[in-house]
Structure formats: structure tokens, C-alpha cells
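Here, each number is a calculation from the coordinates, and none is a lab measurement. For clarity, every value in this text was computed on a predicted model and none was experimentally measured. Cβ placement follows ideal geometry from the backbone for every residue including glycine, while neighbour counts extend to all protein chains displayed.
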Amino acid sequence: MEKEKKGVRLEHISKIYQDPKTGKDFYAVKDTDLVIEPGSFVTLLGPSGCGKTTTLRMIAGFESPDEGEIYLGDEPINALTPDKRDTAMVFQSYALLPHYNVFDNVAYGLKLRKVPKDEIKERVTRILKLVELEGMEGRMTNQLSGGQQQRVAIARTLAPKPQVLFMDEPLSNLDAKLRSEMRTELKRLHSDSNSTFVYVTHDQLEAMTLATKICLMEKGVLQQYDPPLTVYSQPANRFVADFVGNPTMNFIDAKVTDSSTVEFLGINARFTPNDPKQTINASEVILGIRPEFFTIRDGGKIKATAYSTLPSGMETTVKVKLADELVSSVVFGAIDYRVDQPIECDIIGDQICIFDKETTKRVSIGKLEVL
Ligand SMILES: Nc1ncnc2c1ncn2[C@@H]1O[C@H](COP(=O)(O)OP(=O)(O)OP(=O)(O)O)[C@@H](O)[C@H]1O
Ligand SMILES: [Mg+2]
């Protein structure tokens, strides 16, 4: 019978380190609450130094929290060493056993757990098939490519069927093409396995494509914990909005003249919030417009000029000059505007964000109609 899937819960988790330069204590992770649902694929995302690895190492048991409690299912696990947690970690360096062949590397954890020989053979065969390494059982690990080694490392950690599988930037050593292939494999592996995946990355595209939920952190503090598309279209604050999406969101200073009229770059527009209760109290705000919502079309009410055109095949990023500011627009297909060519633009969609300039929190989201 398959084991019941288990999730992880963090309650008020903090980790304090000492800054080696100043000798002062600081929070590497601060007061984090997180519920990682059983069977989910959670990515810990954020810039370098924001506390992703520290958070993962605490959940995996390689570090102990200074404050708070971590649960696996309903069991508090702060006091358990990593080997007592029914979890497993894929290390960035793969940490394969160099004098063992592929089969023995994958079988290693099962042998330690004294799984019967027949079952080891069956499980290793099945898992190697899953990572598409059938027929490579006898190869030594130094005869494998980086991507193949990576798959052995993942197979080895999956073989004992851990409740939770941890990965810290496991694809960062691979080239772009292999990385993209491995993403596809990881997603398949996740749906075929019975495990919960917790995955650290600083690559927003990787987090967007893999995760069922993204945990976005900055300076040790959780900023937003939501499914990727929610993080993308309803960012909690300016930091989140800026970190996710490429090309990045346009941030434009604006004034709210009455509760529904917004003035920016010499343009007046009517803002209609999706939720009528979300009236804007601030007068100084930042408009957040994703490049796909700043469109170029004949007859558009915004008169601008083309600053630069960057085609990338399926789509083109156009930098549009408007009142001496540059705004990014993404249009489908290959288009080439002349430098300084006059163009007409519009703002579309109902996912235009308004951030409070002072707190940078998102205060509203809705439609913006140029007057
Ligand atoms: N053992 C340690 N002693 C002191 N400070 C530490 C220690 N480990 C990490 N830090 C600091 O804690 C903060 C968070 O580190 P962490 O490794 O969790 O970041 P990260 O988000 O994984 O970054 P990266 O993307 O660069 O791997 C950083 O400021 C780091 O310098
Ligand atoms: Mg790290």
C-alpha cells in the first residue's frame, strides 16, 4: 500500500546568524509561517541571500530553528536529525558515490534501510525507467553527462520513497537546454511519485513553471505564498511584482486626483477596481503594468515613439518612449519599428496594479481606461 502523503508546516520559524563582518546578530529567516500541502511542489524563490537555503536546511533538519516549530504531518520534528525524518535531499553537487555504478548509487539508500534484494532490484529498475536511464545500470557515474548524473542523484533520493524531497538549485550546474529538459522530467517525476517536493531556486521562470505554489522571500521575510499565476497577476507588493515576470513589470509614478482618476506621464485615466470595495486612499501611487497589457495598436489613445525593438522569435519587446520615460510592451510575433517611429498605444486588461508609493503594498487591481 502507498504511504499517505505528508505535508510540512512551519510555525513562526526564525533563524538568527551572526554577521561575520560586524559581529551583529541578524535574522536570516524571520517569523515564517508556511503550510506545504501534502503532494505539492513548492518552490522557495528569492534573490541571493534572502534565506532560501536556510529555510530548506531547517525543514530538512540540517539546521535547527532559533524560534518556532516545524511539523511533518502532525509530528513536531525540530528535535529529529535528517535521517529520522523520512525526507531526502538532492544536493547541488549531486554527491554521487564515485566508485559505484548507476544501479548501486540508486540502490544505496534502500540497502541502508535493509530492503529485501528482490524489492531493491524492482524499485531501482522502475525508478531508472522513470528518469529515462534504463540500460545504464552498469555505468560508473564518472562516465555520465551532467544531466545524467543529475538524474541519478534524483533517482537515488526518490528510491526510498521519501515523504518529502528537498532540492537546492539542483539544475544550476546544467546548460540552458538540459535545464529546460530536466524541468520537464522533474514535473513528471513529481506527479508520478507520492512525494511532496520543496525546491529552492532564484530563477523566477523555474519557479513559475515547476511550482504548484511559490514561496517568495526577501531578506528573510516571506513576501507571498501563492500559486504561480496568482503571484504573477496579483502580486502582494512591488517587490514581488518586480521579481516575477520577464520582461519586468512597468512601474510608473502616478497621482490619484479623485478616487477613480489617475494621472501619469501626462495621461489621464479612469481606474475601475475589480473589487469595488478597494478604494484607493493614497494620493501618491505606483502603477504596475505588465508589458503584455501595454499594447501597441493603431488608434490607441497614447501617442508615443518606438525607442528600441527587440524581437525574440515568438514575441517582440518594444521599448516605448512616452513623456521621456521608457515603457516596455510585449507584442506577439516579429515586428520591427523604426527608431523614433510614432506609435499609438493602449492599456488593456483588468490586471493593472496600484501600489502605495510609501508602503509599496498593492492596494488595488483593476482596469485602466485612458481618457
Ligand atoms: N552559517 C552561517 N553563518 C552566518 N551567516 C550565514 C550562514 N549561512 C547563511 N548565512 C547568511 O544568511 C543569509 C541567508 O543565507 P541563505 O544561504 O539562506 O541564502 P539563499 O537565499 O539560499 O541565497 P543564494 O541564492 O545565494 O543561495 C545570508 O545573508 C547568508 O550570508
Ligand atoms: Mg542558497
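Worth a mention:
- Cross-linked pairs Lys213/Lys321; Lys321/Lys367; Lys277/Lys321: Cα-Cα separations exceed 29 Å for Lys213/Lys321; Lys277/Lys321.
- For region 47-120, applying the loop criterion from DSSP together with a ceiling of 11 other beta carbons within 10 Å to the trypsin sites (Lys or Arg not before Pro) yields Arg113, Lys114.
- Most to least packed among 29-35, 152-158 [average Cβ atoms within 10 Å]: 152-158, 29-35
- Phi-based couplings in Hz for region 21-29 (Karplus 6.51, -1.76, 1.60; Gly and Pro marked x): 7, 8, x, 8, 6, 8, 7, 6, 9
- Electrostatic dipole magnitude of region 247-370 [Cβ: Lys, Arg +1; Asp, Glu -1; Cα centre; debye, to 20]: 100
- Tail fraction, Cα-Cα pairs, region 247-370, threshold 23 Å, whole percent: 29
- The alpha-carbon of Lys121 sits under 22 angstrom from the alpha-carbons of these lysines, leaving out residues fewer than 8 places away in its chain: Lys3, Lys111, Lys129, Lys161.
- Only DSSP H runs of four or more residues enter the estimate; each adds -39500 (n - 2.57), and after division by the residues of the chain the mean residue ellipticity at 222 nm equals -6500 deg cm²/dmol.
- Residues in region 212-221 carry Karplus couplings, in order, of 7, 9, 9, 10, 9, 10, 9, 6, x, 10 Hz; the curve used is 6.51 cos²θ - 1.76 cosθ + 1.60 with θ = phi - 60°, and Gly or Pro positions show x.
- The translational diffusion coefficient of region 8-241, from Stokes-Einstein at 4 °C and 1.567 mPa s with a Kirkwood hydrodynamic radius over alpha carbon pairs, comes to 70 µm²/s.
- Computed from backbone phi, the HN-Hα couplings of region 75-88 come to 9, x, 10, 3, 8, 8, 6, x, 5, 9, 9, 6, 10, 8 Hz, rounded to whole numbers (Karplus: 6.51 cos²θ - 1.76 cosθ + 1.60, θ = phi - 60°; Gly and Pro given as x).
- Amide proton proximity set for Asn250, modelled H, under 5 Å, gap of 5+: Ile289, Arg290
- Put simply, the amide H of Ile16, placed in the peptide plane, has neighbours under 5 Å in Ala28, Asp66, leaving out anything fewer than 5 places away on its chain.
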